[in-house]
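Some notes on the structure that comes next.
The values are calculated or read from the model by the stated rules, or taken from the named source; none is laboratory data. Since we're looking at a predicted model, the values are computed, not measured. FYI the Cβ positions are ideal-geometry reconstructions off the backbone, even for glycines, and counts take in every protein chain you see.
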Amino acid sequence: MELIADILLGAGAIGAAAYCLVLARRLTRFNQLETGMGGAIAVLSAQVDDMTKALQKAQSTAGASATTLTALTERSEKAAARLELLLASMHDLPEPGQATRRFRLVRRRTPHEDLEAAQ
């Protein structure tokens, strides 16, 4: 009985050693930088770094564009207000074909008699 137990224990140890050997070979192939998953991970890591830099640059550009756009919008609103005022003042002008009406100022003199009576 002891002999059978020793044989089974040795077979189990040999099987575990073979299994570890197969796993070690797969792991080395998996981690190879040129053909395995290690290379893919290295490439993806480099791409993530590039994308992070591009995102930061895009955010700074968008911030600058937003500031410029805000300034231009305020400037255009002021110009629109001035144009509305000019357009409103144009409604007060007579039409080009219309005759312009001139007002005459008439001053009447008071007779001197009234002034003498007041004294």
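Condition check: surrounded by 10 or more Cβ atoms within 10 Å (Cβ to Cβ), in a helix (DSSP H, G or I) and modelled with pLDDT of 90 or more. Does GLY10 satisfy that?
Yes, satisfied.
Within the range 25-81, which residues are outside any helix (DSSP H, G or I) and of a type outside the set (A, V, I, L, M, F, W, C)?
GLN32, GLU34, THR35, GLY36
Look through the range 82-98, keep the residues that are of a type outside the set (Gly, Ala, Ser) and assigned to a loop (DSSP other than H, G, I, E, B), and return whichever of them is modelled with the highest pLDDT.
In this case the residue turns out to be HIS91.
What are the pairs with Cβ atoms under 9 angstrom where one residue, in the range 8-30, is within 28 Å of ALA40 (Cβ to Cβ) and the other, located anywhere, is assigned to a helix (DSSP H, G or I) and aliphatic (A, V, I, L, M)? Sequence gap at least six, or different chains.
ARG29/MET37; PHE30/MET37
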